[in-house]
Every structure is written in structure tokens, then in C-alpha cells.
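Coordinate-derived values only; no laboratory data. This is a predicted model, so every value here is computed, not measured. Glycine gets a Cβ as well: all are built from the backbone with ideal geometry, and neighbour counts include every protein chain shown.
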Amino acid sequence: MSKVNNNFLSSMATSSLARFKENSVILSEQELLDRLNEVKPSQPFVLNNQSFCLIAEIKKTSPSSGNLSRDDFHMTQQASDYIKGKADIISVLTEPSRFSGALDDLKDLSEAFPNVAFMRKDFLVHPYQVSEALYYGASGVLLIAAILDQEQLEEMIKRALQHNMFVLIEAFNKEELEQSCSVISRFQGSEGSLMFGVNCRDLKSLEVDFARFNSISEFLPQNITCIAESGILNTNDISKIVDWGYSGALVGTALMQTNNPENALIEFRKTAEEAQKQK
């Protein structure tokens, strides 16, 4: 993790490494893999590249916004609303210290909705945590390029694909994007299980720069689904990212704070499809 400076992202990566070490003492990597081998292998998750991909996030708190849960929040009901709103994937925060997440949240939701694609969103730093995500019910994982060197990123993608999982690779700038694309190019034939994400929130400063989606768009890879992450609050934002070349969006705060996440998702998809037709 030599790429990381002393900042929020660094502290999250350090915390994640400590959690990995603690969990791997309780359940070793070999024991974890043995347990997974006893389970019937899942079918490879393949994205529908012909439609707009909506990733709806369950995020109880965030360092930038504090508590995001409404007074009537219930995690299972929130997921149910996302499913009714036709979310393609449900992202679940499992980071405990700053996002109030837990692996058990992933386990509970995947057991309640066994046919839904859940993604573990965390600051993952070791292939063990990819396998751990599958063990707790995830169909895919988020990997943050800023805290992984190319060798780490390649190893973690390889582990995910071995488990028939999908991967959302997240970058913040042109350099990270180009380095990630270099790694992705080593997985020819697996494009249906890989997504590329641009986060307009700088996880070093926590500031949002929505215009970053546009400034980096000319460097987006053309052969995989590209997701716009963070700062997407309404249908106007959806229209903009489609115009800038994105084929999906990850939305958290806006869905956690609205009283009708199902309807919000329906409107987001309708807007995206209309914008795609006009391109």
C-alpha cells in the first residue's frame, strides 16, 4: 500500500489491513477457501452491457454526511425497495468504523434475497477479503486503485474471477485510470465481469468535484461498463453522466435519504434510457 499518503484513504486502508489480519487468525485463508470449495460454485456474474447499470447503495453513515439513515430505516426494507426499483446491483458497506457497516449486513441481506447481486464495498487490500466477501454472500467487490499497486490489483481481480465474481475497479484520476486499464487488459475475455468506476469524491480530502466525471471521460475504456460514483443526487445528474459517456451509476446518499427509493430508481433508469436514445 505504498501508494497511499497520510489521509482518510490511508487510514481506511490501514484499518482494513488490521481487520484482514484479525479475521485471518480466526479463520485462515486456507480454511476459508476450503469452506468455499464445499459450496456449489456460483455461475459467473455477467453484466448486461446493453442497458444502464444502476448500483444502489446501503450506507448507514458516511464521514462526509454523518448519519444517512432515516428514522424509519430498516436495512432489509431498504434492499427490498431497491429490488422493486430494479436496481441491477446492491452495494453494501462493510467498513465498521466510519460507515457503520458489517460483514453480517452482507450475510443477512444475501440470505434474505438469495437471487440478488450484492457487492461488498470496503477498502479491500488483500485477496483474502475477496474470498471473504463471497463467503458472506457477495456476488462482487469494489477495488480501489488508489490503495493497491498493480500487482495487488491483478491478484485481487484474479481471485474474484476464480470465484465467478464481478469487480468494480475504482479510480479518481487519469493516472489511476490508465494504470487500472493496463491491469484490466490482462484479463481478455472477462470484460463481462469487470466494471470501471470513476469516483468524483476524492477519498483523500472527501471533497466532491462533479465536473471530474466530464474531465476524465475521454480516457474511459470503451469495452467495459463505466460507472459514475458519488455526488449523483437527481435525474439531471443522471442525464449529465450519460452525455459524458458513462453506462451506469452508483447512488447511495440520495437513495438513503429519500422516502421513496423505489420511485427514485425508476426515475433514474427512465432518465438514463431517454438520454442514451438521444446520443
TODO: Could you check the simple spin-label distance between GLN150 and SER11, using points 7 Å along Cα→Cβ, in nm with one decimal?
DONE: 3.2 nm
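Kirkwood hydrodynamic radius, computed over distinct alpha-carbon pairs, for region 136-239: how many Å, to one decimal? Could you put the intermediate results ahead of the total?
Numbers: mean 1/r = 0.0705 Å⁻¹.
Computed over Cα pairs of region 136-239, the Kirkwood hydrodynamic radius comes out at 14.2 Å.
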- [ ] Distance from a point 7 Å along Cα→Cβ of GLN188 to each backbone N in region 147-164: keep the residues under 18 Å and list them by number.
- [x] 158
Task: Length released on extending from GLU178 to VAL25, taking residue separation times 0.36 nm less the Cα-Cα span - done: 51.5 nm
TODO: At q = 0.10, 0.13, 0.16 Å⁻¹, what is the base-10 log of I(q)/I(0) for the chain according to the Debye formula with one equal point scatterer per Cα and no solvent? Please give it to two decimals.
DONE: -0.47, -0.83, -1.35
Task: All aspartates and glutamates inside 17 Å of LYS277 as judged from Cα atoms, apart from same-chain residues fewer than 8 positions distant - done: ASP237, ASP243, GLU267
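Of the beta bridges DSSP finds with both residues in region 8-278, what % are antiparallel, to the nearest 5? Mind dumping the intermediate values first?
Working: 3 of 35 bridges.
Once the DSSP bridges in region 8-278 are tallied, antiparallel ones form about 10 percent.
Which peptide among 139-150, 79-90 comes first, and what is the full order, when sorted by highest mean count of other Cβ atoms within 10 Å? Numbers along the way, then the final one.
Numbers: 139-150: 23.6, 79-90: 20.4.
Ranking the peptides 139-150, 79-90 by packing returns 139-150, 79-90.
Grab the Cα-Cα distance for ASN214 and PHE73, subtract it from 0.36 nm times how many residues apart they are, and report the gain in nm with one decimal. The partial results should precede the final answer.
Working: separation 141, 0.36 × 141 = 50.76 nm, distance 3.38 nm.
Answer, rounded to one decimal: 47.4 nm.
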Open item on the list: Quick check on the chain: helices-only [θ] at 222 nm, where DSSP H runs of length 4 and up contribute -39,500 (n - 2.57) each and the sum goes over total residues. Nearest 500, please.
Closed with: -13000 deg cm²/dmol
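How high is the relative contact order of the chain? Use alpha-carbon pairs under 8 Å, at least six apart in sequence, and give a whole percent.
Details: 494 pairs, mean separation 61.4, N = 279.
So the answer I get is 22 percent.
Using 18 Å as the Cα-Cα cut-off, could you pick out the over-long pairs in LYS59/LYS270; LYS84/LYS270; LYS240/LYS270; LYS84/LYS107; LYS21/LYS59? Write down the numbers at each step before the final one.
Numbers: LYS59/LYS270 24 Å; LYS84/LYS270 14 Å; LYS240/LYS270 14 Å; LYS84/LYS107 20 Å; LYS21/LYS59 24 Å.
Check vs 18 Å cut-off fails for LYS59/LYS270; LYS84/LYS107; LYS21/LYS59.
Tell me, which longest segment in the chain has none of the GluC sites (Glu not before Pro) that fall in DSSP loops with at most 16 further Cβ atoms within 10 Å? Intermediate results must be reported in sequence, preceding the final value.
On the way: sites that count: GLU38, GLU207.
By the stated rule (loop sites, at most 16 other Cβ atoms within 10 Å), 39-206.
Let me make sure I get this right: for region 225-268, a, b and c are the square roots of the gyration tensor eigenvalues over alpha carbons, sorted descending. Under 1.5 in a/c it's rounded, otherwise prolate if a/b > b/c, else oblate. Which is it? Display every interim value, and only then the final one.
Numbers: a/c = 2.14, a/b = 1.82, b/c = 1.17.
Prolate, since a/c reaches 1.5 and a/b exceeds b/c.
Ratio of Rg to Rh for region 109-168, alpha carbon only, Kirkwood?
Working: Rg = 11.1 Å, Rh = 11.4 Å.
Rg divided by Rh gives 0.97.
What number comes out for the charge environment of TYR136, summing +1 per Lys or Arg and -1 per Asp or Glu over other residues with Cβ under 12 Å away?
On the way: positive: ARG35, LYS107, ARG120; negative: ASP104, ASP105, ASP108, GLU111, ASP122, GLU132.
Neighbourhood net charge equals -3.
Classify region 64-220 as rounded, prolate or oblate, taking a ≥ b ≥ c as the square roots of the eigenvalues of its Cα gyration tensor: rounded when a/c is under 1.5, otherwise prolate if a/b is larger than b/c and oblate if not.
It is oblate, given that a/c is not under 1.5 and a/b is not larger than b/c.
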TODO: For LEU206 and ASN37, compute 0.36 nm times the residue count separating them, minus their Cα-Cα distance, and round to one decimal in nm.
DONE: 56.9 nm
